[in-house]
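Below is one structure; the comments refer to it alone.
The values are calculated or read from the model by the stated rules, or taken from the named source; none is laboratory data. Bear in mind that the values here come from a model prediction, so they are computed numbers and not experimental data. All Cβ positions, even for glycine, are placed from backbone atoms using ideal geometry, and neighbour counts span all protein chains on display.
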Amino acid sequence: MARPHSVRHQRGFTFIALMCFFLLYLPMATMVVFAFNAGSTVGQLDGFSLRWFRTALANDQIIEALLRSLTIAPIAAFFATVAATMAALATTRTAPYRGMALKVAFINQPLMVPEIVTAVALLVVFSRVKVWTGYTGLGYIIAAHTAFCIPFAFLPIRARLETMDLSLETAAADLYARPWSVFRRITLPLLWPGILAGFMLAFVVSLDDVVITEFIKSAGQETLPTYMLGQLRRNVTPEMNAISTLFLAVSVIVVSLFFLLSRKKT
Amino acid sequence: MFSALPAIEVRDVVKSFGDARALDGVSVRIKENEFFTLLGPSGCGKTTLLRLIAGFDYPTSGEICLHGKDIAGMPPFARPVNTVFQNYALFPHMTVAQNIGFGLEMQGKPRSEIAARVDQMLALVRMETLRSRRTSQLSGGQQQRVALARALAPQPRVLLLDEPLSALDYKLRKEMQGELKRLQTETGITFIFVTHDQEEALTMSDRIAVMSGGRILQVGNPRDIYDNPQERFVADFIGEVNFLAGQVIGIDGRTARVRLAAGGEVVAGLPEGATPVGRATVIVRPEHAELRGPTEQADLRGRLEQVVYFGTDTHLHVRLADQSEFVLRQQNSPRGTADLQPGAEVAIAFKPGAARVLKD
């Protein structure tokens with residue numbers, strides 16, 4: 001019997017799809033299972049236990065790194081989102097002009113330049129600045145995270161703006177709203193889901209960063225990912241499984257919350 | 001109170017976009033309390049003119065005065081002029097009542113006044129029961145009403161309407177035409193209405209400006225525009241018309257005697273301020289001509305080529321001596337016109353005043 005053509009009926013399609021799901025979720029499932037393992041070896045299941053979660057949460061170094069990550073990520077995500085919102089407005093709320101595509105490419109630079117290159121470049125500059133100013137605080141990491149988070153915040157905000165009818169803002173101006181009122185009463189409320197998505201994305205990307213942070217952090221400035229990397233270099237402990245599982249749980253909750261919130265908005 | 005001054009006066013306005021001239025020297029005076037229509041095909045500059053009056057764009061040169069005060073350089077939020085947009089542009093995150101109250105709120109009116117005015121507007125457009133709805137839950141006709149109420153609520157001096165009925169289906173459009181006319185009469189606000197639909201323009205307007213190529217070709221009341229078009233474009237764009245080539249052979253006051261290329265001579269009215277000599281074009285509307293028997297006194301003679309039945313009327317296509325075609329429209333009656341057969345020799349008589357000379 002002839003069936004209407006559909007990619008679903010392509011030979012091998014199901015197999016490829018299953019492979020993708022396997023590679024994505026099997027490792028994660030394994031990790032989660034081992035996080036609840038009572039034994040201390042990675043590779044042999046010895047019954048259910050919350051032991052590694054307790055150990056991880058009692059580890060001062062982990063808590064310190066986690067708190068540092070949770071300091072950097074919201075600040076960097078906030079500044080990145082503000083910058084991205086302004087950039088998105090500037091590239092959508094006008095008639096297209098010459099050089100606009102170039103501007104967008106400049107904003108998206110961190111997506112295209114290999115991260116390791118940026119990391120080396122920042123290391124070179126920041127080590128100089130450290131010598132000149134004597135400042136060795138978290139500012140460097142926050143500045144770097146802000147810069148590379150901008151395109152991640154920019155993409156959803158711009159996507160949202162492109163679907164928004166420019167005549168709404170014209171109509172508001174026609175109804176006696178000054179530019180700031182137009183922004184506050186029309187643009188911002190309608191753009192809010194995009195801004196929230198941009199912030200979330202920037203937050204997660206900052207929280208997760210290893211390469212740039214590893215290069216530019218000063219002594220004793222471990223974030224959670226760089227701490228984990230440092231630990232893994234010595235030996236793999238089930239403690240890492242527990243932290244990663246917590247990490248996973250938090251991101252699933254954050255993303256689901258955001259999804260529910262944005263659906264309610266529209 | 002402003003009766004001496006026009007509501008809107010546009011003087012020598014030019015608007016260029018790069019090399020293209022969207023408006024090429026437009027001047028027009030729109031009276032207080034008038035339903036004024038800008039009519040023309042797409043790209044004629046009617047929407048550009050409306051946007052200049054609203055303040056969404058600024059003229060390259062020229063003046064736009066509101067009750068005698070030049071507003072051409074004023075931002076839109078400073079002009080006592082409101083717009084009904086083609087796509088309505090209702091704020092999707094606000095209720096019907098919030099949409100209607102937005103302009104008053106931005107003007108800093110007290111809450112109680114806003115509430116009272118919103119109620120009044122909801123009653124005016126007959127939407128009282130839908131005040132707390134989101135605009136996305138409304139039908140096209142209802143959205144149209146909210147857009148009107150929102151633009152009327154701040155009591156603007158002038159209301160601009162940019163093809164507001166084009167998104168509605170035929171029946172609703174007819175209904176809204178009556179509604180708009182009623183609102184204009186009840187509120188006494190000057191309406192400037194943009195459309196490409198000649199029927200809409202003829203049925204609703206006090207006066208019409210016909211635009212083409214960034215210019216206003218003719219301004220007049222609907223009868224005037226329809227019966228006395230001055231230029232070929234105006235005659236052609238509004239309704240159907242027969243063009244007859246001819247030669248002016250004498251002038252008597254406001255009429256000219258014209259010898260037609262298709263044979264015969266007619267007396268035709270002259271356009272304002274023009275006394276053509278030599279070649280001229282005479283126009284006659286299809287319903288302003290009558291069919292006569294071949295032996296009767298007539299203005300034109302020819303051979304009937306086609307009879308097309310249209311329900312309310314019948315169109316008769318007649319081939320004239322110079323091979324041009326002349327179309328007549330005959331109102332149908334229950335007895336019908338069964339005796340008309342293609343190929344018959346016929347004569348055509350013009351009703352008094354039907355023939356007009358164009359400015360060429």
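Assorted remarks:
- Residue pairs meeting the criteria (Cβ under 7 Å; at least 6 apart or on separate chains; first more than 14 Å from chain A (Cβ to nearest Cβ), in the range B:69-81; second surrounded by 13 or more Cβ atoms within 10 Å (Cβ to Cβ) and in a loop (DSSP other than H, G, I, E, B)): B:ALA72/B:TYR58; B:ALA72/B:PRO59; B:GLY73/B:TYR58
- Taking (1) within 14 Å of chain A (Cβ to nearest Cβ); (2) in contact with a Leu (Cβ under 8 Å, 6 or more places away or on another chain); (3) not hydrophobic (A, V, I, L, M, F, W, C) in turn, B:GLY45 satisfies each apart from (1).
- Lone qualifier among A:ALA84, A:ALA147, A:ALA172, A:ALA143 - being under 30 Å from B:GLY103 (Cβ atoms) and surrounded by 13 or more Cβ atoms within 10 Å (Cβ to Cβ): A:ALA172
- Number of the exception - A:GLN61 against (1) more than 20 Å from A:ASN235 (Cβ to Cβ); (2) in contact with a Phe, Trp or Tyr (Cβ under 7 Å, 6 or more places away or on another chain): (1)
- Residues that are within 11 Å of chain B (Cβ to nearest Cβ) and not charged (D, E, K, R) number at least 1 in the following helices (runs of 4 or more DSSP H) confined to the range A:163-218: A:166-174, A:179-182, A:188-208.
- Listing of strands (runs of 3 or more DSSP E) fully contained in the range B:1-67 that carry 2 or more residues being closer than 29 Å to B:GLY239 by Cα: B:8-17, B:20-30, B:35-39
- Checked against (1) over 24 Å from the mean Cα position of the chain (by Cα); (2) within 27 Å of A:PRO189 (Cβ to Cβ), B:ALA89 passes all but a single condition, namely (1).
- In this structure, A:GLU222 does satisfy being out of contact with any Phe, Trp or Tyr (no Cβ under 7 Å at 6 or more places or on another chain), more than 23 Å from A:ALA95 (Cα to Cα) and assigned to a loop (DSSP other than H, G, I, E, B).
- Residue within the range B:100-111 that is surrounded by fewer than 21 Cβ atoms within 10 Å (Cβ to Cβ) and in contact (Cβ under 8 Å) with a residue 60 or more places away in the chain present: no
- Being within 22 Å of A:TRP192 (Cβ to Cβ), basic (Lys, Arg), surrounded by fewer than 18 Cβ atoms within 10 Å (Cβ to Cβ) and in contact (Cβ under 8 Å) with a residue 12 or more places away in the chain is a description that does not apply to B:ARG126.
- Residue in the range B:231-238 that is within 24 Å of B:THR48 (Cα to Cα), in a helix (DSSP H, G or I) and modelled with pLDDT under 90 present: no
- Total residues in the range B:196-225, condition aliphatic (A, V, I, L, M) and part of a helix (DSSP H, G or I): 4
- Residue count for the range A:127-145, restricted to those that are part of a loop (DSSP other than H, G, I, E, B) and either among the acidic types (Asp, Glu) or over 14 Å from A:SER69 (Cβ atoms) (or both): 4
- Where helices (runs of 4 or more DSSP H) fall entirely within the range A:1-95, those with at least 3 residues that are modelled with pLDDT of 90 or more and under 30 Å from A:LEU190 (Cβ atoms) are at A:60-92.
- Any strands (runs of 3 or more DSSP E) falling wholly within the range B:246-332 and containing at least 2 residues that are among the basic types (Lys, Arg): B:255-260, B:300-309
- Qualifying residues in the range B:96-109 (those that are more than 8 Å from chain A (Cβ to nearest Cβ) and in contact with a helix residue (DSSP H, G or I) (Cβ under 8 Å, 6 or more places away or on another chain)) - the one farthest from A:THR170 (Cα to Cα): B:LYS109
- Count of residues meeting criterion [on the phi > 0 side of the Ramachandran plot and in contact (Cβ under 8 Å) with a residue 60 or more places away in the chain] in the range B:1-39: 2
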